[in-house]
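Below is one structure, written out as structure tokens; comments come after it.
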Amino acid sequence: ASKSVKLNTGAEIPTVGLGTWKSAPGEVEHAVEFALKNGYTHIDTAAAYKNEKEVGAGIKASGVPRESIFLTTKLDNPDQKEAPEALELSLKNLGTSYLDLWLMHWPAPMTKGEPALADKTHDWLDTWKSMEALYKAHPDKLRAIGVSNFSVEFLERLLAAAEVVPAVNQIEIHPSCPSEDVVAFCRAKGIAVTAYSPLGSDNSPLLTNAVVVKLAEKHGVSPANVLISLQANKEGVAVLPKSVTNARILSNAVIIDLSDEEIKELHKIDETHHFRACHPDWTGWGGLGFPDCK
Ligand code: A2P
């Protein structure tokens with residue numbers, strides 16, 4: 001696996017980044033600091049994770065120069081009508097003057113307040129247009145823009161109208177949710193993919209899956225290494241394992257080579273054990289109908 005993936009902007013995104021979804025305040029600052037001090041150069045967060053301030057503090061505490069770090073955050077669903085303000089707030093919270101990558105978190109504009117509901121008065125395509133305008137007007141603040149949780153159908157609608165092809169589509173990928181159609185589509189269109197929840201998120205059955213354990217023993221690594229390496233071995237894919245545990249943060253950065261046969265065997269797991277770790281209450285989201293969110 002290569003150490004980075006080239007984006008359609010010409011920039012390189014490091015193949016392994018630290019994920020911070022579900023990393024609580026009080027834990028995430030240390031995790032980010034520890035990761036950066038130990039060789040990570042890629043950190044992924046989101047306004048919706050409510051931890052941007054702590055991520056920013058971790059970056060500062062690490063002493064690693066900002067220019068050496070690839071930093072991603074995401075525009076939250078209820079902020080889709082106010083992209084410029086949301087960008088400024090994320091920059092402020094992260095304590096940085098620019099983002100390496102800013103993603104539309106979901107193709108799902110939502111209302112503010114609880115419960116957040118689908119905002120039928122706004123089209124996410126208009127959100128992309130605001131993001132494009134910000135990207136063009138402020139290259140000093142945005143080095144790349146992209147999307148997240150986009151299926152092929154949603155990407156097709158975006159590309160038909162977009163002036164800027166997204167640099168990245170960030171989606172859930174692991175053996176029980178391989179999303180191969182999205183990965184193939186993105187590869188064909190020059191969109192890099194970042195894989196979130198590569199382990200299957202918390203309490204994942206994948207870590208004790210017989211095929212994963214067998215390959216881990218064969219290669220002398222942990223099951224997590226097999227699952228992370230599975231994504232890192234794919235052309236055009238970077239991977240975002242989340243951990244707030246020092247030993248795991250270190251270990252998760254170790255990538256091994258897997259053969260095509262081994263990759264096929266891992267992908268077969270989906271035939272009998274399909275699941276998604278990220279399953280918002282789709283009905284509460286107004287029946288947005290993501291075709292691949294099974
Ligand atoms: P923790 O953060 O407490 O270390 P994913 O990246 O798929 O979202 O998975 C994140 C989950 O997997 C978290 O619960 C995280 O726990 C756990 N995890 C991260 N790295 C490892 C590892 N190397 N071995 C086992 N569990 C891990």
Scalar couplings 3J(HN,Hα) for the stretch 245-258 by Karplus 6.51 cos²θ - 1.76 cosθ + 1.60 (θ = phi - 60°), nearest whole Hz, x for Gly and Pro, are 10, 3, 4, 6, 4, 5, 5, 5, 7, 8, 10, 10, 7, 10
Within the under-15-Å Cβ sphere about D202, not counting D202, Lys/Arg +1 and Asp/Glu -1 give a net charge of +2
Give me the net charge for the shell around I145: Cβ to Cβ below 12 angstrom, other residues only, Lys and Arg +1, Asp and Glu -1. +2
Quick query: amide H of I145 versus all other amide H atoms, modeled in the peptide plane; which residues come in under 5 Å with a sequence gap of 5 or more or a different chain? W102, A167
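Find how much the distance from D257 to N38 grows on full extension, using 0.36 nm per residue of separation minus their present alpha carbon separation; answer in nm with one decimal.
On the way: separation 219, 0.36 × 219 = 78.84 nm, distance 2.17 nm.
Separation in residues times 0.36 nm, less the Cα-Cα distance, equals 76.7 nm.
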Qualifying aspartates and glutamates (Cα of each under 14 Å from Cα of K22; at least 8 residues distant if same chain): D44, E52, E54, D202
Label the stretch 1-89 by shape, choosing from rounded, prolate and oblate, from the square roots a ≥ b ≥ c of the eigenvalues of the Cα gyration tensor; if a/c is under 1.5 it is rounded, and otherwise prolate applies when a/b is larger than b/c, oblate when it is not. oblate
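With 29 Å as the limit, write out which pairs from K214/K234; K112/K234; K60/K120; K189/K218; K189/K268 have Cα-Cα distances beyond it, or answer none.
K112/K234; K60/K120; K189/K218
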So, in nm, how far is label D140 from label D123 when the simple model puts each one 7 Å beyond its Cα toward the Cβ? 3.4
Add -39500 (n - 2.57) for each DSSP H run of 4 or more in the chain, then divide by its residues: what number comes out at 222 nm, to the nearest 500 deg cm²/dmol? -11000 deg cm²/dmol
Under a 5 Å amide H to amide H cut-off, with H placed in plane at 1.01 Å, what residues pair with T194 once short-range neighbours are removed? N169, Q170, I171, A238
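Rounded to the nearest whole Å³, what is the per residue volume of the convex hull around the Cα atoms of the stretch 90-171? Mind dumping the intermediate values first?
Numbers: hull volume 9.2 nm³, N = 82.
With only Cα atoms used, the stretch 90-171 gives 112 Å³ per residue.
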Going residue by residue through the stretch 180-187, the Karplus relation 6.51 cos²θ - 1.76 cosθ + 1.60 with θ = phi - 60° gives ³J(HN,Hα) values, rounded to whole Hz and with x marking Gly or Pro, of 5, 5, 5, 4, 5, 4, 4, 4
Quick one: compute the contact order of the chain, relative version, from alpha carbon pairs under 8 angstrom and 6+ residues apart, as a percent. 20
Rh (Kirkwood, all Cα-Cα pairs) for the stretch 4-272, Å, reads 18.8
Net charge of neighbours whose Cβ lies under 12 Å from the Cβ of A232, counting Lys and Arg as +1 and Asp and Glu as -1: 0
If packing is taken as the average number of other Cβ atoms within 10 Å across a peptide's residues, how do 183-193, 254-264 rank, most packed first? 183-193, 254-264
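Calculate how many DSSP beta bridges within the stretch 4-272 are antiparallel, expressed in % of all such bridges and rounded to the nearest 5. Working shown, then result.
Working: 5 of 31 bridges.
Here the share of antiparallel DSSP bridges comes out near 15 percent.
We did not get these values from a lab; they are worked out from the coordinates using the rules stated. Since we're looking at a predicted model, the values are computed, not measured. So basically every Cβ, Gly included, is an ideal-geometry build from the backbone, and we count neighbours across all protein chains shown.
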